[in-house]
């Protein structure tokens, strides 16, 4: 049995999907497009049900890619049933979509979500009355609390195969045209005749372009005259039906104009003056809690640092265990080097920062699920509009803090083509989760007493460069008007622990998968290139006579003005940058391979012998200015190859793609150059 979840954005649809599917959820892309496709299985019914989470939409009209996807799936794929998730705290707006869904003949159950909030506000909703008027089951649920979910699915399982579509046209000026169109489409076996008739009356261009509808164009013109006014007329009919038929089923406890708790909170959090500083303070506290060694000045380690210390113990055990095993087997030098200095040092260096990365995602997921991030989008709309972007552009930019690939893909939902391309160009400036290990290791190595400030500064640098780039490019390259942005504010609520954990599990799976595939493979290749010369003879580990050393040394002159590529081992930092093009996590694994166990060198600032600790080595190798310059280049330069591939597919403009790649490299070089050289002149 195939069940489609359909609902407005922020109606709790994703929360319900997570509750139904749990760990069975899979995320991909809809065929031919880059909008997320989420599928999972509900296993608690007698027969397992396939759950498809359609994109959140306000209607089934063809204004956005999400609406086209949702409508095409409902009309063409014909799921066995639809669960229409309705936000019970905002029935009128949600039921607009419901009236469109009910015009199909697909079995429907309305899941009246957030009923716990309704009861808390002492509002009253007569579920039975709504059921009677709409002709489909209506089940009260709380997806956040997991209430009545099993009852909902039992009703879904018992649904009949077909039902009578909803008729909202009785007594309206379009009643005669509607009924004639339904008869016409039924006679010619057009799919979903009632839904198609209402969409034709709405002057829906996509429906009118269907072959089976185009073939009947002459007869349609005899029945009705289609004008641009029809769309507004149809909206009036829908809202009129909702108001007339369902108004008596809803009783509000608050008088009109009385402020809710969310409204009172928003007076502070979305305030024009203090809204942005509050957001900046929250983000700083997140970084402080994640990276600082001194939690809120109490003299104790922050959670991220403390947990990271615990996770390093198993990695040390693995390293010691493998060392003992190799010794007992009499392994050769190259096997020992590959396993210990290559795989363990490289992959282990990446895995050791998992706790801090997950902690950041935990905090960001909490803010998003609570409803606060929607307010941040609203705040940023006022700011971004000055730089040629709408608040809607902030959504993919915000996604960029997790991963640049879905962020670049998410920019496709922006209406304006120039705004969409500009947003994609700016996405990599938002520090993704894959770059977090770089900040974490430099925070521990070079800025142990100011790790939170340094990390916050790196994220802020990316945002600052994005803003400057937006102003510059909007005036020179992406000229045009900014598209308007409208967004509904969800009610504040406490996120559910289960949903937060499911999100973190998805992030952890993806991170470990990359560590066990791309990073492991690149680590092995790097170890080989760093331990053999062009004649394939083994040389001193990580020396400048190795293949890697010779190649990197030939281009090191480009990076010497940036401060981090000076000295006899400067080529190693260059190699780390180059391997970061494969995956940004590989920067840390590369440094683990190249720096761990290296011999004493000039740039070691007084140390006489090699160190086995990557953190200690970086602390001795990089000055603070060189470290910031290195981090800035990795932040602003070309992202990983997966993001580059996504950009190439989405941008669909070869010249602009080449310009974007060049822009990233040039800006990264200029910013790093200024950081190091201006900082040196000022005596830092």
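Read the figures in this text as sums done on the coordinates, not as results from a lab. Note that the structure is a prediction, hence the values are computed from the model and not measured. Here the Cβ is made from the backbone with ideal geometry for all residues, glycine too, and neighbour counts use every protein chain on show.
Quick look at the values:
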item	result
Additional length obtainable on full extension of the chain from residue 47 to residue 509, 0.36 nm per residue less Cα span	163.5 nm
FRET efficiency, residue 554 to residue 453 (Cβ-Cβ, R0 30 Å, nearest 0.05)	0.20
Residue 645 paired with residue 162, simple spin-label distance in nm, labels 7 Å along Cα-to-beta-carbon	4.6
In nm, spacing of pseudo-spin labels at residue 235 and residue 119 (7 Å Cα→C-beta vector)	3.6
At R0 = 30 Å, FRET efficiency that the Cβ-Cβ distance of residue 80 and residue 222 yields, to 0.05	0.25
Ordering of 357-366, 265-274 by packing [mean C-beta count within 10 Å, highest first]	357-366, 265-274
Cα→Cβ-extended label distance, 7 Å offset, between residue 517 and residue 682, nm	4.4
Exposure proxy order (Cβ contacts within 10 Å, fewest to most) of 248, 262, 589	248, 262, 589
Rounded, prolate or oblate (a/c below 1.5 giving rounded, otherwise prolate when a/b exceeds b/c) for segment 175-251 by Cα gyration tensor	prolate
Length-normalised contact order of segment 175-251 in % [C-alpha pairs under 8 Å, at least 6 apart]	28
Calculated FRET efficiency for the pair residue 477/residue 539, C-beta based, R₀ 60 Å, to 0.05	0.80
Within segment 645-664, backbone nitrogen closer than 17 Å to the virtual label 7 Å beyond the Cα of residue 468 toward Cβ	663-664
Extension gain from residue 150 to residue 280, taking 0.36 nm per residue of separation minus the Cα-Cα distance	42.7 nm
Net lengthening on full extension, residue 323/residue 212 (0.36 nm per residue, minus Cα-Cα)	32.9 nm
Mean separation of Cα contacts under 8 Å (6+ apart) over length of segment 2-157, as relative contact order %	23
